[in-house]
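Take a look at the structure below.
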Amino acid sequence: MDTELELKYLICNDIEQNQLIENISALLAQPDVSVTPSQKYLSNVYFDTQDKRLRSLDIGLRIRKNQHGEAEQTIKTAGTVVAGLHQRPEYNLPVAGSFPELAEFPAHIWPDGEPVAQLQAALLPIFRTDFNRHCWMVQFADGSKVELALDIGLIVANDQQEAINEIELELVDGDAEHLFELSRLLISQLSLRPGQRSKAARGYQLAFNNDAEQAAIPSFDSSVICLNESMNIRESFVSGFSQALMLKQQLVAAYLHQPKLELIKQIADVLALSRHGLWLYQDYLPESQSERIRTQFSGVLQDLTWVESALQLQELTTASGNYRKKVEYSQNLLTELQGKLQGFPSEQEMKMYFTSADFNELQLQELQLIVTLDTRVASESGLLEFASNWLDDGLQQLQRAISMEQNMAEQQYLQSHMVLVRSLLTGYWFGQLFAAEERCEFRRPWLDMHSGIDELENLCLLRETLQQQSKLPKKLVNWLESQVDCLIQALEHCRQVALSIPPYWR
C-alpha cells in the first residue's frame, strides 16, 4: 500500500501541447536538479456497481493499461483533498485480464461484513479515461524525487466526453517541500488553478449525468466553517482554514465557468474570513509565516475592493434592481451610474487574475501553512474557552462602537460597519461549536443590521452621484431622503433587538 501525496493543477488556457511541453522542460532546467523525461499512453477503465456501491464507500477502482498492453488494477480508498493537494491510500496489483479481481486486494480495506464476492459479481465498467502522460522525474540534491506529469486526453462515458488538461506533481520520495518548490516554479509561468476534483469524480458525474457529483457551492453563512469541540486549538485552525480555502477554490471555479460579480464578492468574503482566522489564532501560528500570508491576503483584498461599488452600481442600474425605476427619473443620473460600472475590471481580466501567479502563490502559501503546522502541540486552554473569549471580545468591541441607549444617526451606522463585520467573522469561525437555535436567534438581528447598512451604502452612493447633477430631480431627491429615513428606523429596530438577546456562547 502506498499513500499518494500529490498536487493537481488544471491548465486554464489553450496553449498548444508541444509548446506546453517545451515550456515545462525549460522551467525544469534548474541547477542542482536532474530531470528524466518520459512519455506514455494510459487507458483506464473505472468500475463500480449500478448503484455505485464503491462510490458510497469512497473507494475508486480502475484497471490501467499502458501502450504495451501491460495492465494494473488499483483501488484508492478514502483520503483528503485540500486546495489541490490530494492524499489517498492506494493499492496497486498486476492483473491478467481486463476485469478487476477484488479477492486479490487485502481484506482489511473493506468495511466489516462487506460482501466482496457479491461486489465482484455486480461490477460494471462505468467510464474510461484515455490520455497521453508526459512525465519528468525530478531528483533534487538531497535525493528527494518528485514526478511531474502532464496529462492531456479525454474522459469518456455514455457517448459524452470531457477534456483532461492538467498537471500532477507527486512526491515519490523525500521532502514534501519540493512539491511546493516545483509548484511555485510552474505557477510563475503558466496559467493554472488548483484542481480539487479527481478524474474519477469527473468521470462519475459524466457517467451518471449527475450534477450532485460536482460539489455544490455553499453560501457564505454560518456553515462555512464547521469545527468540533474535541479538536485542540491548532487542529481547529487547520480545519477551518482548510474549509475556507476549499470554498474559495470552488467559488473561483464557479466564476471561471460563469462569471458573476456576486461570486467575486463571495471570494473576497472568504479571503477576509481566512485573514481573520490568522488574526484569531496568531498566538498559535509561526509568526513570520502567518504575517506574510496576512500581508498577501490584504493585497488581494485591496485588489478586490472595487467589487462592493460595482455591486452597488449593478443594483442601481439593472432592470431588476430595487431602485431602477426611481433612478430613471433622471436619464443623466442613470447614464452616469452605468458609465461608472463600465470602468471596473472586465470578466476576462478577472479570469486572468484568478489564475495569475500572485493569486496562486497565496493559495500555495495557505496550503503550506496547513500542511506544516504541528497540530499535536497541546494547548493550555480548550477550544470552547478559546472561542468564547474571542466571541466576547468581538461583542464588546461592537457594543463600544454602537450606542447602547440613544438612537444612532446615519454616519454612526456607516462608521460601525467594519466593527460589525469583524464580530460576524468571529461568529463564522466559532458559531458551529454552539447550539444552533440560540446561535441563529442571536446572530439574526446582527446579520439584518449588516444587510441594512449595505443597503444604506447603496443609497449613499446614489445620493452622492445625484448631488453631482446640475439639475436635481425634486421627486427623486424626496424619495431618496424618505428611503434613508425608513432604513434608519429599520436599523434602529435591529439594533435594539440585537442588544436584547443574550450571547449564545455564555
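The values are calculated or read from the model by the stated rules, or taken from the named source; none is laboratory data. What you see is a predicted model; the values in this text were computed from it and never measured. Heads up, the Cβs are rebuilt from the backbone with ideal geometry, glycines too, and the neighbour counts pull from every protein chain shown.
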**Item:** Residue pairs meeting the criteria (Cβ under 6 Å; at least 6 apart or on separate chains; first of a type in the set (Asp, Glu), in region 21-49; second outside any strand (DSSP E or B))
**Value:** Asp32/Ala141; Asp48/Leu54; Asp48/Arg55
**Message:** Checking the structure you have, find out if any residue of region 123-133 is surrounded by 16 or more Cβ atoms within 10 Å (Cβ to Cβ), touching an Asp or Glu at 6+ places or on another chain (Cβ under 7 Å), of a type outside the set (A, V, I, L, M) and touching a residue at least 24 places away in the same chain (Cβ under 8 Å).
**Reply:** yes
**Asked** Is it true that Glu162 is among the acidic types (Asp, Glu) and either outside the structural domain of Arg197 (by TED's automatic domain parsing) or in contact with a helix residue (DSSP H, G or I) (Cβ under 8 Å, 6 or more places away or on another chain) (or both)?
**Response** yes
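To keep it simple, each residue is scored yes or no on (1) assigned to a helix (DSSP H, G or I); (2) exposed (fewer than 15 other Cβ atoms within 10 Å of the Cβ); (3) modelled with pLDDT of 95 or more.
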| residue | (1), (2), (3) |
| --- | --- |
| Ala272 | yes, no, yes |
| Arg275 | yes, no, yes |
| Val307 | yes, no, no |
| Gln312 | yes, no, no |
| Asn322 | no, yes, no |
| Leu337 | yes, no, no |
| Asp358 | yes, yes, no |
| Leu367 | yes, no, no |
**Prompt:** What is the number of the single condition among (1) surrounded by fewer than 20 Cβ atoms within 10 Å (Cβ to Cβ); (2) over 18 Å from Gln314 (Cβ atoms) that Ser242 does not meet?
**Reply:** (1)
**Asked** Among the strands (runs of 3 or more DSSP E) contained in region 1-82, which hold 2 or more residues that are of a type in the set (D, E, K, R) and touching a Gly at 6+ places or on another chain (Cβ under 8 Å)?
**Response** 2-11
**Fill in**
For region 490-506, pairs from a residue that is farther than 21 Å from Tyr428 by Cα to a residue that is surrounded by 14 or more Cβ atoms within 10 Å (Cβ to Cβ), with Cβ under 8 Å and 6 or more apart or across chains, are Ala490/Gly452; Leu491/Met408; Leu491/Tyr413; Leu491/Met449; Leu491/Gly452; Leu491/Ile453; Leu491/Leu456; Glu492/Met408
**Item:** Test result for Ile21, within 21 Å of Tyr204 (Cα to Cα), of a type in the set (A, V, I, L, M, F, W, C) and outside the structural domain of Leu367 (by TED's automatic domain parsing)
**Value:** no
**Message:** Taking the condition of being hydroxyl-bearing (Ser, Thr, Tyr) and under 18 Å from Ser423 (Cβ atoms), how many residues in region 224-278 meet it?
**Reply:** 1
**Request:** Check off (1) within 30 Å of Ile225 (Cα to Cα); (2) surrounded by 16 or more Cβ atoms within 10 Å (Cβ to Cβ); (3) touching a Leu at 6+ places or on another chain (Cβ under 9 Å) for Ile488 and give me the number that stays unchecked.
**Result:** (1)
**Item:** Members of region 83-98 found to be aliphatic (A, V, I, L, M), in a strand (DSSP E or B) and at pLDDT below 90, listed by number
**Value:** Leu85
**Message:** Can you say whether Thr465 is in the same structural domain as Pro259 (by TED's automatic domain parsing), under 28 Å from the mean Cα position of the chain (by Cα) and among the β-branched types (Val, Ile, Thr), as far as the supplied structure shows?
**Reply:** no
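Residues checked against (1) part of a helix (DSSP H, G or I); (2) basic (Lys, Arg); (3) crowded, with 20+ Cβ neighbours inside 10 Å; (4) not assigned by TED's automatic domain parsing to the domain that holds Leu7:
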{"residue": "Glu361", "(1), (2), (3), (4)": "yes, no, no, yes"}
{"residue": "Asp374", "(1), (2), (3), (4)": "no, no, no, yes"}
{"residue": "Ser381", "(1), (2), (3), (4)": "no, no, no, yes"}
{"residue": "Leu384", "(1), (2), (3), (4)": "yes, no, no, yes"}
{"residue": "Ala387", "(1), (2), (3), (4)": "yes, no, yes, yes"}
{"residue": "Leu391", "(1), (2), (3), (4)": "yes, no, yes, yes"}
{"residue": "Trp429", "(1), (2), (3), (4)": "yes, no, yes, yes"}
{"residue": "Asp448", "(1), (2), (3), (4)": "yes, no, no, yes"}
**Asked** Which of (1) touching a residue at least 60 places away in the same chain (Cβ under 8 Å); (2) of a type outside the set (Val, Ile, Thr); (3) closer than 28 Å to Ser298 by Cα is the odd one out, the single condition Gln397 does not satisfy?
**Response** (1)
**Prompt:** Which residues, counting only those in region 163-186, are surrounded by fewer than 16 Cβ atoms within 10 Å (Cβ to Cβ), touching a strand residue (DSSP E or B) at 6+ places or on another chain (Cβ under 7 Å) and acidic (Asp, Glu)?
**Reply:** Asp173
**Prompt:** Of the conditions (1) more than 38 Å from the chain's Cα centre (by Cα); (2) polar (S, T, N, Q); (3) part of a helix (DSSP H, G or I), Asn458 fails just one. Which one is it?
**Reply:** (1)
**Prompt:** Can we say Leu487 is in contact (Cβ under 8 Å) with a residue 24 or more places away in the chain, closer than 28 Å to Thr317 by Cα and either assigned by TED's automatic domain parsing to the domain that holds Leu398 or not in a helix (DSSP H, G or I) (or both)?
**Reply:** yes
**Asked** Can you name every residue in region 277-292 that is small (Gly, Ala, Ser) and buried (at least 20 other Cβ atoms within 10 Å of the Cβ)?
**Response** Gly277, Ser290
